[in-house]
Amino acid sequence: MGLNSLEKENQELKRTLRLIVSKAERNESILNSFFEVELRLLSCGRLSELLELILVDFKALFRLSSVNLILFDPEHAARSLLDEYVPPATGNTLRFVQSQRLLKSIYPNQKMIIGTPSSALKSEAFPVADSPVASCALLPLIRQNCLIGSLHLGSSDASRYTEHVRYDYIQHLASVVSVCIENCINQENLHRLSSIDMLTKVHNRRSFEEEIVRELSRASRSAHSLACLFIDLDHFKMVNDTYGHQTGDRVLRTVGLFLNKQLRKTDTIARYGGEEFAILLPNCDKERALSIAETLRKKLASLIFRDELSRPFRMTTSIGVSLCHPEKNPTTKLEDMAYQLIQAADKAVYNSKDSGRNQVAFMPFPHLEAPKIQADLY
Ligand SMILES: Nc1nc2c(ncn2[C@@H]2O[C@H](COP(=O)(O)OP(=O)(O)OP(=O)(O)O)[C@@H](O)[C@H]2O)c(=O)[nH]1
């Protein structure tokens, strides 16, 4: 072999090596970015955060023209967690289905679909008209052998997703997405369950005590006041004794439902004790808090309850109101402030009961017991 041809072969080998190295570097960078995305997926604590990552960030991170997601949500477990979540408007959609029919028709054998979508599949997978999708990867989301959703990655580049290439990393990503979706839904529902009162479906005491600190912090940042109402049912023992415990339970449920309907979404309603409800009204001054308390008192007194035999009866309530301006107490710890606000509202209820029940009483914050006068000083 001549020197020339050796030189040529050498150059050819060097070029091939450069190609292999650059391919390996590209693969490594793809793997690294997938690894990063995986970590971000796993660190999402809320379903809304996870969906934002999938529907918005995936598009930019993977240079896609469209990302769409279908979730199988037969019992509204996911939807109920997304009350305040607004899905992205452009190009990407989030759909919930109550039956598996659609998912099974897309994935008859639970395998991912790669390539140029037929127009029927495209309109199903990328429903936003004019989505510039020339090739796509449709990934079944599977948990315990059951289709829980479908993730659609669309590219305007026809050669991006082709049947001739293996896409193990995307398949792996779909498995991680499936686990994360299931985890977020379960965790959030569990947290919700542990913070609601099972009988009345309003917040429980533990959740109220967390919420009051959060609301005080919010009020402090925005220099607003926070009003706290305690509502105690009058002579509730008599309701139990006269009409039975089950009727008593129904009264509590009705009151919880009623309070939920009366108040704003930003207000917090909790069952603080047996027959005592607590309410937080953010950004509410004294006059408004007293007027809301008076309206609730009147409306509650006009509710007609019925016992097991359909006998009608009414209930009255004693309501205590207090109010706090956290920014005026900058040296007090939020936890202490919360305790004092609860104490003040509770004391106000006590005064209302003392003055004959079925009325609203106000106790200023901070509520300090009058100092006891010691007899031997006189
Ligand atoms: N049915 C039912 N009763 C409850 C529940 N929790 C507490 N209670 C009852 O609520 C009653 C509260 O009685 P008291 O503390 O004497 O208060 P009251 O009879 O409302 O009297 P005042 O508050 O002084 O007007 C007790 O009989 C409790 O058994 C519950 O979950 N369901």
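Checking P117 against (1) more than 16 Å from H152 (Cβ to Cβ); (2) modelled with pLDDT under 90; (3) of a type outside the set (S, T, N, Q), only one condition comes out false. Which one?
Of everything listed in (1) more than 16 Å from H152 (Cβ to Cβ); (2) modelled with pLDDT under 90; (3) of a type outside the set (S, T, N, Q), P117 misses just condition (1).
Go through the stretch 176-194 residue by residue and tally those that are small (G, A, S) and modelled with pLDDT of 95 or more.
So in the stretch 176-194, the residues small (G, A, S) come out as 178, 194.
Next cut, modelled with pLDDT of 95 or more only: 178.
Count: 1.
Among the candidates G256, G248, single out the residue that is over 24 Å from G356 (Cβ atoms), within 12 Å of the ligand (Cβ to nearest atom), part of a helix (DSSP H, G or I) and not assigned by TED's automatic domain parsing to the domain that holds R143. Talk me through it step by step, then tell me what you get.
Details: G248 fails: over 24 Å from G356 (Cβ atoms).
Result: G256 is the single residue among G256, G248 that is over 24 Å from G356 (Cβ atoms), within 12 Å of the ligand (Cβ to nearest atom), part of a helix (DSSP H, G or I) and not assigned by TED's automatic domain parsing to the domain that holds R143.
So the check is Cβ under 6 Å with 6+ separation or different chains; which pairs have a first residue in the stretch 340-358 that's over 17 Å from A270 (Cβ atoms) and a second one that's away from the ligand (no atom under 15 Å from the Cβ) and of a type outside the set (D, E)?
Hits for this filter: Q340/P366; K347/M363; K347/H367.
When residues of the stretch 100-109 are filtered for being exposed (fewer than 13 other Cβ atoms within 10 Å of the Cβ) and in a loop (DSSP other than H, G, I, E, B), how many remain?
2
Looking only at the stretch 215-232, decide whether some residue is assigned to a helix (DSSP H, G or I), assigned by TED's automatic domain parsing to the domain that holds I269 and near the ligand (Cβ under 6 Å from one of its atoms).
Filtering the stretch 215-232 for residues assigned to a helix (DSSP H, G or I) gives 215-222.
Filter once more, so that each one left must be assigned by TED's automatic domain parsing to the domain that holds I269: 215-222.
Now restrict to residues that are near the ligand (Cβ under 6 Å from one of its atoms): none.
Scanning the stretch 215-232 turns up no residue that is assigned to a helix (DSSP H, G or I), assigned by TED's automatic domain parsing to the domain that holds I269 and near the ligand (Cβ under 6 Å from one of its atoms).
Quick one: how many residues across the stretch 233-245 are more than 7 Å from the ligand (Cβ to nearest atom) and under 12 Å from E275 (Cα atoms)? Working first, answer last.
Taking the stretch 233-245 first, the residues more than 7 Å from the ligand (Cβ to nearest atom) are 239, 241-244.
Still in the running and under 12 Å from E275 (Cα atoms): 239.
Within the stretch 233-245, residues that are more than 7 Å from the ligand (Cβ to nearest atom) and under 12 Å from E275 (Cα atoms) number 1.
Tell me, yes or no, whether the stretch 137-148 has at least one residue that is touching a Pro at 6+ places or on another chain (Cβ under 8 Å) and not in a helix (DSSP H, G or I). Talk me through it step by step, then tell me what you get.
Narrowing the stretch 137-148 to residues touching a Pro at 6+ places or on another chain (Cβ under 8 Å): 138, 147.
After this cut, where a residue has to be not in a helix (DSSP H, G or I) as well, the list is 138, 147.
Yes, some residue in the stretch 137-148 is touching a Pro at 6+ places or on another chain (Cβ under 8 Å) and not in a helix (DSSP H, G or I).
Quickly run through the stretch 261-276 and pick out the residues that are more than 12 Å from the ligand (Cβ to nearest atom) and surrounded by 14 or more Cβ atoms within 10 Å (Cβ to Cβ). Before the answer, list the steps.
Residues of the stretch 261-276 more than 12 Å from the ligand (Cβ to nearest atom): 261-270.
Once the filter is applied, which keeps residues that are more than 12 Å from the ligand (Cβ to nearest atom) and surrounded by 14 or more Cβ atoms within 10 Å (Cβ to Cβ), the stretch 261-276 yields Q262, L263, D267, T268, I269, A270.
Name every residue in the stretch 44-99 that is polar (S, T, N, Q) and in a strand (DSSP E or B), in order of residue number.
Result: S66, N68, T93.
Between G356, G320, which is within 20 Å of V239 (Cα to Cα), within 16 Å of the ligand (Cβ to nearest atom) and modelled with pLDDT of 95 or more? Talk me through it step by step, then tell me what you get.
Details: G320 fails: within 20 Å of V239 (Cα to Cα).
Answer to the selection: G356.
L290 passes all but one of (1) among the aliphatic types (A, V, I, L, M); (2) within 13 Å of the ligand (Cβ to nearest atom); (3) part of a helix (DSSP H, G or I); which number fails?
Among (1) among the aliphatic types (A, V, I, L, M); (2) within 13 Å of the ligand (Cβ to nearest atom); (3) part of a helix (DSSP H, G or I), the lone unmet condition for L290 is (2).
Kindly indicate whether R297 is away from the ligand (no atom under 16 Å from the Cβ), out of contact with any Cys (no Cβ under 7 Å at 6 or more places or on another chain), closer than 20 Å to I342 by Cα and in the same structural domain as S217 (by TED's automatic domain parsing). It would help to see each step written out before you state the result.
Values: away from the ligand (no atom under 16 Å from the Cβ): no; out of contact with any Cys (no Cβ under 7 Å at 6 or more places or on another chain): yes; closer than 20 Å to I342 by Cα: yes; in the same structural domain as S217 (by TED's automatic domain parsing): yes.
Judged against the criteria, R297 is not a match.
The values are calculated or read from the model by the stated rules, or taken from the named source; none is laboratory data. Predicted, not measured: the structure shown is a model, and the values here were computed from it. Every residue, glycine among them, receives a Cβ derived from its backbone with ideal geometry; neighbour counts consider all protein chains shown.
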